[in-house]
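The values are calculated or read from the model by the stated rules, or taken from the named source; none is laboratory data. This structure is a prediction, so every number in the text was calculated from the model and none was measured. FYI the Cβ positions are ideal-geometry reconstructions off the backbone, even for glycines, and counts take in every protein chain you see. All accessible areas refer to the heavy atoms of the entire protein, side chains included, with ligands and DNA or RNA removed. Shrake-Rupley method; radii C 1.70, N 1.55, O 1.52, S 1.80 Å.
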Amino acid sequence: MTTRSVRRRLDLERPVPVEVVGECLQIALQAPTGGHAEDWRFVVVGDPDLKQRIGEIYLRNYEAHVLAPLRCTGVDDPAVAGRLGVGDSGRPTARTERILAGADHLARNIGRAPWLVLACATRPSPAGGGPGTWSAVYGSVYPAVWSFNLALRARGLGTCITSLTLHSAGEVAELLAIPDDVVQVTLLPVAWTVGTDFKVAARRPVAEVASLDRWGTPFPYADRTFDELAGRA
């Protein structure tokens, strides 16, 4: 309940032993995978030059796909507002402002993380199949990615699931010698966190996001406190 996306609180100076990353990956590989295929692959990047070049790719895509739309149209554009938390004033909420500040910090510093872990899938590209293929490819990797997040958190490290390098997947593939038939899924910066006092996130109540039997039918549940969920109440 306290595993957060860590952007500004990544310790970019403190080295992380490769054995710790390996241990977290070993735990991650206990996650379920479609058809028991184990078709996940992870490229763990620690070479400073490679990290710098990947960081440059990330920043370029951040400027093109995040900053440029915000500068040109702002949150009044439905395409932009739909991706952000916008308050009644039509401006980003304080929470959204914090997220944007964190995203900007990460974009300018991701290449400095001790490790960059690129999660991939060896199944055929989902572009050649239907909705079930998309689900199978990404659904076979993301459970392991989240288990990796949890394993890092338990050891005092953090990360953030990112997707901006996917806009330049071919360029990243060339840098890291990734075969053409491998699907890149997400890039994760890995570092110790500055402090470990992460809190439970504010989320909508279950009753607002869940329906019973049919869309829109109220789901009969009242949220409990997190102390109750954790068995501390």
task: Determine the share of the range 153-207's accessible area contributed by carbon and sulfur atoms, expressed in whole percent, with a 1.4 angstrom probe.
output: 53
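Filter the chymotrypsin sites (Phe, Trp or Tyr not before Pro) in the range 116-185 down to the DSSP loop ones having no more than 13 other Cβ atoms within 10 Å, then list what survives.
none
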message: So if a site counts as exposed when it's one of the GluC sites (Glu not before Pro), its DSSP state isn't H, G, I, E or B, and it has at most 13 other Cβ atoms within 10 Å, what's the longest stretch of the chain without one?
response: 39-233
- line: Which of 11, 49, 213 fluctuates most in a GNM of the chain (C-alpha springs under 10 Å)? That residue is 213
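How do 229, 59 stack up against each other in accessible area, from largest to smallest, with a 1.4 angstrom probe?
229, 59
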- prompt: Which value, in Å² rounded to 10, gives the accessible area of residue 209 with a 1.4 Å probe and all protein chains present?
  reply: 100
query: Under the definition of Cα pairs under 8 Å and six or more residues apart, what whole-number percent is the relative contact order of the chain?
result: 32
message: For the chain, set up a GNM with springs between Cα atoms under 10 Å and report which of 193, 159, 96 has the largest fluctuation.
response: 96
- prompt: So what is the accessible area of the chain per residue, in Å², with the probe set to 1.4 Å?
  reply: 57
query: When you take every Cα atom in the range 163-233, what is the radius of gyration, and what is Dmax, the widest Cα pair distance, in Å?
result: 20.8, 53
task: Rounded to whole Hz and in sequence order, give me ³J(HN,Hα) for the range 131-146 from the Karplus expression 6.51 cos²θ - 1.76 cosθ + 1.60, θ = phi - 60°, writing x for Gly and Pro.
output: x, x, 5, 4, 5, 5, 5, 6, x, 8, 10, 5, x, 5, 4, 6
- prompt: In 5 Å bins starting at 0, how do the alpha-carbon pair distances of the chain split up by percent?
  reply: 1, 6, 11, 14, 16, 18, 16, 11, 5, 2, 0
field: GNM top mover of 165, 186, 217 - the chain, alpha-carbon springs below 10 Å
entry: 217
- line: Per the Cα gyration tensor, the range 114-191 corresponds to an equivalent ellipsoid with semi-axes, largest first in Å, of 23, 16, 9
